[in-house]
Each structure stands twice: as structure tokens, then as C-alpha cells.
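The structure under discussion appears below in the form of C-alpha cells.
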Amino acid sequence: MSLPTIGLAGATGNLGLPILSALLTAGYPVTVLSRIGGNSSKLTPHTNLTVKSVDFTSVPSLCEALEGVEVVVSCVATSAMGSQNPLIDACIAAGVRRFIPAEFGMDSQNPHAMQLPPCAMKVATQTYLREQSRLHTEFTWTTIANGLFLDWGIEVGFIIDVKKHTATLYNGGDVLFSATTLADIAKAVVGVVSNQRATADRVVYAHSACVTQNQLIQYVKDKDGKGWDVEVKSTDTVKQESFLELKKGDEGDADAAMLGFAVVGMFDEECGCNFERKLDNGMLGVNVLSADEVRRVVEKCM
């Protein structure tokens, strides 16, 4: 039995590339939807890979590119996260059976997280997906919540900065939060594609580990013995600062505000940053890392 063709939007991003690799490794034919004038030329040729240039604002353009595609995975940039409806409409018109929206982060079902602007965009997309799945019974969706990007978040200094030995410890640095490596997020996507019945019309939860910032810092200290320069900050303060930044309008830093809201969603216990009690790891084929395995992830980022 032949595997279904997967459509992938945002294939050249930090998350898109690992997902593309995992799908191709699993044997799936993949059609990459590339923005006209985009950088799809950086993709390595593969016998199961087709690249189609599209206008992401045009349903006819997208629909034509999606002919024969069964599942679409959206990894569009955060700035485009609130503009996925044309892609969803094109999926329905083209007969796509499953849509995985660009979410891949905080718990969008948590009432406190829902109040944060980045999460509000995700909730709006989910609402639209629910409406469309009711109207078109053959169309289904799955959202993947995976917490922070574990390896990427350390490499860029977002969770802790292992190169500069600095960190902002949110709520003291002992908050347990779910985090997932890019490779494990890609595994979760493959898990959804291969378990469409069990994952239909719902949020699935996965993580590689549930850790604290102080645990991660200790792994670095155990390796090199160097001291750290840390600042302690509450997520309530971060949230207040982010809303104030948004109120400035054009004079404010919207990107900084959105990053601040992400910090709140990922490090505030009220926002449900710990997924341990609701994991779908087994069904998705994602293993929870041991302490030693998390330590090795951290050491690779040093």
C-alpha cells in the first residue's frame, strides 16, 4: 500500500527542515509549498520531493499545488501564523484530509495561555478548523503542543545561554516546563500522519523532557565548572511589560512583546507549561529522554 503524499509549508525554517527530513526518511512523498521567490533552492533534491511555488494568499494557487495531497503540515513563520485560512480553504477545496497548523508550542487549551496574543492567533485558527471540519466531514485537523524547542532554545540562548553562561531565571528557575527537540517534534508529526484516526480533530501533547532552567544550568556547571550570571524575573512582570510594549503601537517593539508572551506561556505554571499528565508520546513514537540524555542535549549546545 502506497503512503499518502504530504504537503509541507515552511519547509526551509528551523522546524520545517527536520520535519521534511523525517517525512522523507519515513518514505512519504512530500510536496513542498514554497513562496514565490522563496529560498526553496536550499533544499536537497530527493526522489520523493516535489517543490511547487505558490501564492499563500491565493486559494486557487494553493489548491492547484495541493492536487493529490492527503495531509498538509504548516510550519509557516510566527508572523504568518494568523493568516493560515487561505491554506485551510485550499486544503478543503483540493480534498486534503488532514491539516496540521503551525502551532508547535504552548498549551493552547489552557485558559490562561489563551489570553496571550500569540496563543489567541492559534485559538482563532483552531476555531476556524473546527468550523470547517463540521461543514466538511472528510476534512480533519490535529494541533501539536510540544512546549519549548529544547535544543534550539538552548542553542540560541532563549532558555539559557550556555555560551555566555547567562540566563534570566523566570519565576526563580525551578518551574518544570515541557520541551522537545526539533527531531522529536518531527517524530510527532510523522506519528500524527501515521495515526490519523486516533489524532483527528484534537490537540496532541508531546515532549522530550520536563525540566527546569536550573537543572539545565547545573548540567553545564558539571561539564565546565564555570560560574553563571543570572537574573531572576517573574512572568507577571514579563506579561505586563509585553502588554505595555503593544500599547505603544508603531513606536513599540511588537516582536519583543510577542517573545515576552511566549516566555509567559512557556514558564508560567498557570499557563500549563508542564504536559506530563497529558502526553501522547506513546502513540506518536516520541520517547521521554532520561536525565543523562537531556544532559547530552545540553552538552552538544555548548
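The values are calculated or read from the model by the stated rules, or taken from the named source; none is laboratory data. Here the structure is a predicted model, which means the values were calculated and not measured. Cβ: placed from backbone, ideal geometry, glycine included. Neighbour counts: every protein chain shown. With ligands, DNA and RNA removed, areas are computed over all heavy atoms of the protein, side chains included. Shrake-Rupley method; radii C 1.70, N 1.55, O 1.52, S 1.80 Å.
Using r as the Cβ-Cβ distance of Q196 and V156, and R0 as 30 Å, what FRET efficiency do you calculate, to the nearest 0.05?
The value I calculate is 0.35.
Taking 7 Å along the Cα-to-C-beta vector as the label spot, tell me the N48-T237 distance in nanometres, rounded to one decimal.
4.9
For the range 211-268 and the range 1-17, what is the separation of their Cα centres, given in Å?
31
Of the listed pairs K122/K233; K187/K278; K164/K239; K122/K239, which have alpha-carbon separations greater than 21 Å here?
Among K122/K233; K187/K278; K164/K239; K122/K239, the Cα-Cα distance tops 21 Å for K122/K233; K164/K239.
Looking at the range 77-116, what % of the alpha carbon pairs are farther apart than 16 Å?
49
Magnitude of the Cβ-charge dipole of the chain, K/R +1 and D/E -1, about the Cα centre, nearest 20 debye?
Its charge dipole is roughly 620 debye.
Given a cut-off of 15 Å, what percent of all Cα-Cα pairs of the range 1-59 lie beyond it?
Here the tail beyond 15 Å accounts for 44 percent of pairs.
Return the equivalent ellipsoid semi-axes of the chain as a descending list in whole Å, where each equals the square root of 5 times an eigenvalue of the C-alpha gyration tensor.
Square roots of five times the eigenvalues give 33, 22, 18 Å.
Averaging sequence separations of C-alpha pairs under 8 Å and six or more residues apart, then dividing by the length of the chain, give the relative contact order as a whole percent.
Relative contact order comes out at 17 percent.
If the chain between N287 and D174 were fully stretched, how many nm would it gain, using 0.36 nm times the residue separation less the Cα-Cα distance?
38.4 nm
Which FRET efficiency value, to the nearest 0.05, is calculated for D55 and A124 with the Förster distance at 22 angstrom and r the Cβ-Cβ distance?
0.50
As a test question: what accessible area, to the nearest 10 Å², does T5 have when a 1.4 Å probe is rolled over all protein chains in place?
Spelled out: T5, probe radius 1.4 Å, area about 40 Å².
Restricting attention to the range 206-302, which trypsin sites (Lys or Arg not before Pro) occupy a DSSP loop and are surrounded by at most 11 other Cβ atoms within 10 Å?
K226, K248
State, to one decimal in nm, how far the label point of I36 lies from the label point of E251, with both points 7 Å from Cα in the Cβ direction.
For the pair I36/E251, the computed spacing is 3.9 nm.
How large is the helix-only mean residue ellipticity at 222 nm for the chain, computed as the sum of -39500 (n - 2.57) over DSSP H runs with n ≥ 4, divided by its residue count, in deg cm²/dmol to the nearest 500?
-11500 deg cm²/dmol
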